[in-house]
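One structure below.
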Amino acid sequence: MKTILAPIDFSEVSGGVVTAASNLAHALHGRVVLLTVVQPPVITSEYAPMMENLSEIIAAGDKTAGKNLTKIAEQLQSESIPAETVQLDGAPVAHIIEQAQQCAADYIVMGSHGHSAVYDLLVGSTTHGVLRRARCPVLIVPPPKKKAERTRK
């Protein structure tokens with residue numbers, strides 16, 4: 001059975017990632033491992049008064065992510081696609097690569113947010129980091145076209 005790792009962040013591209021991963025799993029008689037990595041918020045001294053609520057904010061984010069992952073896994077299972085979920089906290093690239101190794105992923109299906117090259121250079125790109133370090137094929141799902149782009153065609 002082939003294993004497809006599908007890292008999702010619940011952004012607008014996540015639906016496309018789940019669809020592509022489920023289609024690939026169906027074609028290969030495989031399973032989908034849904035992964036989300038919750039990044040801790042960046043704290044600066046300007047936000048020191050909010051530090052009191054930080055653990056509550058992180059816990060709420062983790063809980064929401066867990067519920068969303070479970071819902072997507074149940075949807076895949078209702079379509080007869082074996083699915084499991086993994087939720088981690090920390091740096092996305094490192095966790096995606098580590099999880100791909102742990103579950104012996106045959107493929108990684110992940111999304112691209114469609115940022116500019118300048119943005120990726122300054123901020124970094126999770127997709128680019130995974131592409132450079134992955135030991136298995138990586139399928140990149142582009143972001144959905146914006147409404148204005150679709151109406152022009």
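The values are calculated or read from the model by the stated rules, or taken from the named source; none is laboratory data. Every value quoted in this text rests on a predicted model; they were computed, and no experiment measured them. Using ideal geometry, Cβ is built from the backbone for each residue, glycine included, and neighbour counts are taken over all protein chains shown.
Against the definition (buried (at least 18 other Cβ atoms within 10 Å of the Cβ) and either at pLDDT below 75 or at negative phi (or both)), how does I81 come out, yes or no? Considered against the rule, which asks whether it is buried (at least 18 other Cβ atoms within 10 Å of the Cβ) and either at pLDDT below 75 or at negative phi (or both), I81 comes out as yes. In the range 83-100, the residues that are among the small types (G, A, S) form Cβ pairs under 6 Å with partners that are surrounded by 18 or more Cβ atoms within 10 Å (Cβ to Cβ), at six or more places apart or across chains, as follows: A83/V32; A83/A73; A83/L76; A100/L5; A100/I108.
Considering the conditions (1) under 15 Å from the mean Cα position of the chain (by Cα); (2) more than 15 Å from I8 (Cβ to Cβ); (3) modelled with pLDDT of 95 or more, I96 is excluded by exactly one of them, (2). Within the range 10-29, the residues that satisfy the criterion of being surrounded by 15 or more Cβ atoms within 10 Å (Cβ to Cβ) and either touching a helix residue (DSSP H, G or I) at 6+ places or on another chain (Cβ under 7 Å) or β-branched (V, I, T) (or both) are V13, V17, V18, S22. Exactly one residue out of A6, A27, A48, A21 is over 26 Å from G129 (Cβ atoms), modelled with pLDDT of 95 or more and not aromatic (F, W, Y), and it is A27.
Somewhere in the range 116-132, is a residue at pLDDT 95 or above, out of contact with any helix residue (DSSP H, G or I) (no Cβ under 7 Å at 6 or more places or on another chain) and farther than 19 Å from P40 by Cβ? No; the residues of the range 116-132 include none that is at pLDDT 95 or above, out of contact with any helix residue (DSSP H, G or I) (no Cβ under 7 Å at 6 or more places or on another chain) and farther than 19 Å from P40 by Cβ.
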